[in-house]
1. Taking the Cβ of residue 117 as the center, what net charge do the other residues with Cβ under 15 Å away carry, scoring Lys and Arg +1 and Asp and Glu -1?
2. Given the Cα-Cα distance of residue 125 and residue 63 and 0.36 nm per residue of separation, how much length would full extension add, in nm?
3. What's the extension gain from residue 262 to residue 210 if we count 0.36 nm per residue and subtract their Cα-Cα distance?
4. I'd like to compare 227-240, 59-72, 171-184: which one has the highest average count of other Cβ atoms within 10 Å, and what's the full order after that?
5. Could you work out the local net charge near residue 39, counting Lys and Arg as +1, Asp and Glu as -1, over the other residues with Cβ closer than 12 Å to its Cβ?
6. List 128, 53 from most exposed to least, where exposure is judged by having the fewest other Cβ atoms within 10 Å.
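Every number here is computed from the coordinates shown, using simple stated rules; none is lab data. Source: prediction; values computed, not measured. Cβ coordinates were reconstructed from backbone atoms using ideal geometry, including for glycine residues, and neighbour counts include every protein chain displayed.
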Amino acid sequence: MDGLDLIKTFREVAFRRSFSRAAISLGMSKATVSRYVAELETRSGVRLLNRSTRSLSLTDAGQVLLERSTQLVTMAENTLNDLQAHGSHPRGRLRMSAPHGLIAGWLSDVIAGFIKLYPDVYVSLVFTNDDLDLIEEGIDIHLTGGRIDDMNLIVRRLVQFDMVVCAAPSYWAQRGMPQVPEDLSRHDVLSFSAKQTTNLPFETDGEPYEVPVHSRMEANDAVALIELALRGVGVAYVPEPLAQSHLERGALVPVLRDHMPREHWLYAAYSQRRHNSAAMRAMLDYLEQSMDALTEGPALPPPMPVTVAPPPPVTCALSKAQGAARATASAGRKDRPPRQ
């Protein structure tokens, strides 16, 4: 038994001036009520009730406890009610973490829709590419596209996505478009690796393999790689949804689609299966529903054909001068009046 239960039992006895009536009100036996009050007196070290065979009254110490415990019990009951409300109606603070760059893709629409649907929930977002201890960091839901090795976490698949190799049309025009993954070894790659040389995963006829490429620069944020690719400095290998808008308008052109590996998933990870808040359950359900809707969206347009423009013809200064003279003479003949 905890101290709050003892105090609540004492208060019921004090209000009803009877162990029997208090027992009926609390749904307990008279012996249990008597034991609770005796335990409270033992813990406090003072007598709280004056008992006789015909009456019951409060001692001075009992009167002090009755008066001062009112606010304590009220606060405890209100807190418990609030906690129960959190379990039945989405409300309160929901703390989520996600990789850098995800807000530029799916997550912005999801969070906006969720906030409008559940106005009593306050969403706190943490963006990081580092490994997190969800319990230590106080994270309710962690979104990730990478592998999760922590066996203590519950993992829910949300949506499958593709990776894409892409670059600006100006880059492909200058360097040529790769026809097979091995062609990327001759290109400048913008990668997640901190090494000068890195490997990119591909598939051909269902067989996975890696291609070593030269990394022109590295970043821990896919959005940074996309921004550099838009400026024509290299090839980006990034999650396709993050580059979707640029692909659709032709600012980035995808290549090697038939060689991209499959089975990339966005996961939601959380630490507890039982007693999760209503806000957390609502977010998990909303994420799943939103991701299902995304899989039914329109397909990307086919890749744009990019060709290398031929160089302009080289002419000498004499040829240019002769051409100009012929043009002038021709114009003079056109302006001359006909012979009579």
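1. Overall, the nearby charge balance is -1.
2. 17.4 nm
3. 17.3 nm
4. Sorting 227-240, 59-72, 171-184 by mean packing, highest first, produces 227-240, 171-184, 59-72.
5. The answer is -1.
6. So the ranking, lowest neighbour count to highest, is 53, 128.
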